[in-house]
Amino acid sequence: MHHPQASGDRLIVALDVATRSEALGIVDRLDGLVTFYKVGYQLFVAEGMSFVRELLGRGLRVFLDLKMDDVDETIASAVREVARNSVHLLTLHGGTATVRAAVAGRGSAPLPQLLSVTLLSSLGEQDLIDFQVVGPTARFRNLLEYVLWRAETAVAAGCDGLIASGETIGAVRERVGPGPLIVSPGIRPSGIAANEHKRSTTPSAAISSGADYLVVGRPVRTATDPRATVSAIIEEIDRATSRPLPG
């Protein structure tokens, strides 16, 4: 796996906006500071692969967050299309068959690196209990046990990395070892509201727990001074990266 080296390379800013002009407004404001951007459902549906190619053409890296989950042939075909570009990261949300189909679709191309979503960051343990996935009579006793099973299964099937957030980051890193990438969404700098993410965490805590990349959206988009906010996050990443690991 291609693990990031410099602190600034570890920050991914989410372009969770509706139009190309809004997205490029963010990119232009952060020029020289941020080189990695996430394109999710909203922007991808609005602007499509042509906008992704426009970002790539600027020398930027793209995390295409589509959480793919479909029949094997559809997954393989879709990933084959993504692999024709230089998209760096792509999310999958299906099980073993989905991962294997994605790996087959990518073929010999070096990118995208495939990430499995261990659990949507909008879900909490009570949701899993309601789904009867977790509980005294269910297969898994708690949220973490379920997330770790998802992580192990995805890596065994061929995923390059995982999406993990909050308190699950450290446990996932311990379970899968140093090889797979861990990308952590729901990052909220200290003092920022968690919003809809039920397992938000700070940049320092996420990096110290074993995350490779941090995804930050709303705190940057809504900041009075986005460049100052990004600089503070990168400085926090740098401090956490340079600090010796406990024990």
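Annotations for the structure displayed:
- Per residue, the Cα convex hull of the range 105-188 amounts to 112 Å³.
- Across the options 66, 107, 23, the greatest Cα extent toward the positive end of the charge dipole of the range 16-109 (unit charges at beta carbon of Lys, Arg, Asp, Glu) belongs to 107.
- Per residue, the chain reaches -13000 deg cm²/dmol at 222 nm when only DSSP H runs of four or more residues are counted, each adding -39500 (n - 2.57).
- Its Cα centre serving as origin, the chain has a Cβ charge dipole (Lys and Arg +1, Asp and Glu -1) of approximately 280 debye.
- Likely footprinting exposure, 51, 140, 131, 63, fewest C-beta neighbours within 10 Å first: 131, 140, 51, 63
- The calculated pair-distance distribution of the chain uses every alpha carbon pair, bins of 5 angstrom beginning at 0, and gives 1, 6, 14, 18, 20, 18, 13, 7, 3, 1, 0 percent.
- Using θ = phi - 60° in the Karplus curve 6.51 cos²θ - 1.76 cosθ + 1.60, the 3J(HN,Hα) couplings for the range 201-214 round to 7, 7, x, 4, 5, 5, 5, 5, 7, x, 6, 8, 10, 10 Hz; x is entered for Gly and Pro.
- Distance between the modelled labels on residue 145 and residue 235, one decimal in nanometres: 4.4 nm (7 Å Cα→Cβ projection).
Read-outs throughout are calculated quantities, based only on the coordinates presented, and are distinct from any laboratory measurement. Here the structure is a predicted model, which means the values were calculated and not measured. Please note: Cβ atoms are built from the backbone with ideal geometry, for glycine as well, and neighbour counts cover all protein chains shown.
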